[in-house]
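Readers should treat all values here as calculations from the given coordinates under stated rules, not as data from a laboratory. From a predicted model like this one, the values you see are computed outputs, not experimental measurements. Heads up, the Cβs are rebuilt from the backbone with ideal geometry, glycines too, and the neighbour counts pull from every protein chain shown.
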């Protein structure tokens, strides 16, 4: 599903690499936590998977494709098989919940019939059944994140990338979001989630990958958050 | 690709940047109107050139009695019939000459009367004030110099005149105006393109949320860029429409209603010439802004 072979990334005009010689593999259907302090390279790791950036050295394979060889115009096709969720939700404030989810399908050219069918379905799945007509501003943070997850999942991606999805939420709401991500994972979708939330990692007992100053320092099946923060 | 979605995005974009859209429309309209106008002017000049150059000739004016007293070139007296014979036979030997007409003083008087019948000067003119002349049609109008060197200063010849000189000044003036119009057009076009680049930058910024999401869910580059390009193209097309209206209006009011009545001698360009320019104006109005938007997107919108 994801394979990093000796990947390093140096941003232009910076001498210290954001990632150094990282090698790892994520299998289909896995749930992986990505932990590490700020500046440890988590975001760079995710950006490489999304091909927002290209690596400086090594190879990144996602969904069986070598991203370095993927030409620019094929990137959108690749991204359609990925779902992304962020800390700040990234919803469109002037569109309703239903329109926000539908937007992800409209812009990749799905037919209207398909959209009308899949939007209520996916909203039901994330626990927002019947809230289609609400505006994002009227919803709580947890509900907004559910909308974002619905949008990420509506095209049934094989891989879901979540960048601190619970970063703005209280512990109780976070648990709800984690349950939802776990449910999505059980449908066969691989989930990679960057987080700072110690409790969640400790409770879930999933694979944990820890980065420190760009290096892979721990890769532990059924791991915990770690000893130091 | 769902057309309705793209269309609604374009509508939103054009409304959001209404002032900028106006500026683009106006500058495109003005620059294309100038462009079309200068194209038409060039046609007008070349049709006038064809028309007049066909008629103009080199004239050898001969001395008459009045000139013999007043004009230094005619100090040897009025032209004699031997001198006239000599000129005629010399002209016959030159192979650049296509045809020679002789205009007597009487004929010159008649032509003058016809041409300036309203002028008070014509009434006081008498036939013996007019000059006899040879009107020479050249195979190549450019070869005027040959006639000039051969006959200027000869006894009985008052002057050799190339009528082209007179027209040449007029055409130079029109040509100069044309260059100026093209220069202004170029500037306006640059203004229009810069406005479009700026519009694209502003609307890419105000839509960065949508664009970010579109990129993440895998919308194709074309899908993301199409609304921007179409916006610019539509604004440009509206501008080109105004430019076309200005050109047609100019032809109708300025040429047909006004100039054609004031200057009946000139054969003005017809509607066919005007109408053939309109598709070109519209096409440029559509394509130039679209291309400008495309270039601007490369810079301001990472896909």
Quiz prompt | Whole-angstrom gap from region B:206-224 to region A:6-30, using each part's C-alpha centre | solution = 26 Å
Practice problem: Report, in degrees rounded to the nearest 10, the 0 to 90 angle that the Cα long axis of helix B:271-300 makes with the longest principal axis of chain B. | Solution: 40 degrees
Quiz item: For the modelled label position 7 Å from the Cα of residue B:172 along Cα-to-Cβ, which residues of region B:120-154 have backbone nitrogen atoms closer than 17 Å?
Solution: B:142, B:144-145
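Return A:80, A:151, B:208 ranked ascending by Cβ neighbour count within 10 Å, so the fewest neighbours appear first. Present the calculation step by step, with values, prior to reporting the outcome.
Numbers: A:80 17, A:151 30, B:208 12.
Fewest to most other Cβ atoms nearby, the residues stand as B:208, A:80, A:151.
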Practice problem: Could you check the simple spin-label distance between residue A:138 and residue B:146, using points 7 Å along Cα→Cβ, in nm with one decimal? | Solution: 9.4 nm
Quiz item: By how many degrees, between 0 and 90 and to the nearest 10, does the Cα long axis of helix A:97-106 differ from the longest principal axis of chain A?
Solution: 60 degrees
Exercise. May I ask you to sort B:52, B:258 by Cβ crowding, counting other Cβ atoms within 10 Å and putting the fewest first?
Key: B:258, B:52
Practice problem: Would you mind computing, in nm to one decimal, how far apart the modelled labels at residue B:19 and residue A:217 are, each placed 7 Å from Cα along Cα→Cβ? | Solution: 5.3 nm
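If each DSSP helix of 4+ residues adds -39,500 (n - 2.57) and the sum is divided by the residues in the protein assembly as shown, what number results at 222 nm, nearest 500 deg cm²/dmol? Each step should come with its number before you reach the end.
Values: 18 runs with 280 residues, N = 532.
Counting only the DSSP helices, I get -17500 deg cm²/dmol.
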Self-check item: Expected-Rg normalisation [2.2 N^0.38 Å, Cα atoms] applied to chain B
Solution: 1.61
Quiz item: Antiparallel DSSP bridges in the protein assembly as shown: what percent, to the nearest 5?
Solution: 65 percent
Quiz item: So what does log10 I(q)/I(0) come out to for chain A at q = 0.16, 0.18 Å⁻¹, using the Debye formula with one equal point on every Cα and no solvent?
Solution: -1.14, -1.36
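Give the whole-number value, in cubic angstrom per residue, of the convex hull volume spanned by the C-alpha atoms of region B:111-234.
Numbers: hull volume 28.8 nm³, N = 124.
Expressed per residue, the convex hull around the Cα atoms of region B:111-234 is 232 Å³.
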Self-check item: Longest to shortest principal axis, alpha-carbon extents of region B:58-101, angstrom
Solution: 35, 20, 15
Practice problem: For residue A:111 and residue A:6, calculate 0.36 nm times their separation in residues minus their Cα-Cα distance, and state this gained length in nm to one decimal. | Solution: 33.6 nm
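Counting other beta carbons within 10 Å of each residue's own, what order do B:39, B:167, B:18 fall into, fewest first? Intermediate results must be reported in sequence, preceding the final value.
Working: B:39 20, B:167 16, B:18 9.
In order of increasing Cβ crowding within 10 Å: B:18, B:167, B:39.
Note down, for the protein assembly as shown, the three equivalent ellipsoid semi-axes (square root of 5 times each alpha carbon gyration tensor eigenvalue), biggest first, whole angstrom.
Details: eigenvalues 1502, 125, 51 Å².
Value: 87, 25, 16 Å, ordered largest first.
Starting from the Cα coordinates of region B:1-110, work out the convex hull volume and express it per residue in Å³. Please list the in-between numbers first.
Values: hull volume 27.3 nm³, N = 110.
Output value, Cα hull per residue: 248 Å³.
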Quiz item: When Rg is the radius of gyration of the Cα atoms in region B:18-71 and Rh is its Kirkwood radius, what does Rg/Rh come to?
Solution: 1.55
Self-check item: Calculated FRET value between residue A:13 and residue B:180, using beta carbons and R₀ = 41 Å, to 0.05
Solution: 0.25
Quiz item: How big, on average over all directions, is the shadow cast by the Cα convex hull of region A:92-156, in nm²?
Solution: 3.8 nm²
Practice problem: Could you tell me how many degrees, from 0 to 90 and to the nearest 10, lie between the Cα long axis of helix B:105-115 and the main elongation axis, the longest principal axis, of the Cα atoms of chain B? | Solution: 30 degrees
Quiz item: Distance from the Cα centre of region A:89-139 to that of region A:168-228, in angstrom?
Solution: 26 Å
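Grab the beta carbon distance between residue B:88 and residue B:190, set R0 = 51 Å, and tell me the FRET efficiency rounded to 0.05. Provide the component values of the computation, followed by the final result.
Working: r = 60 Å, r/R0 = 1.17.
The value I calculate is 0.30.
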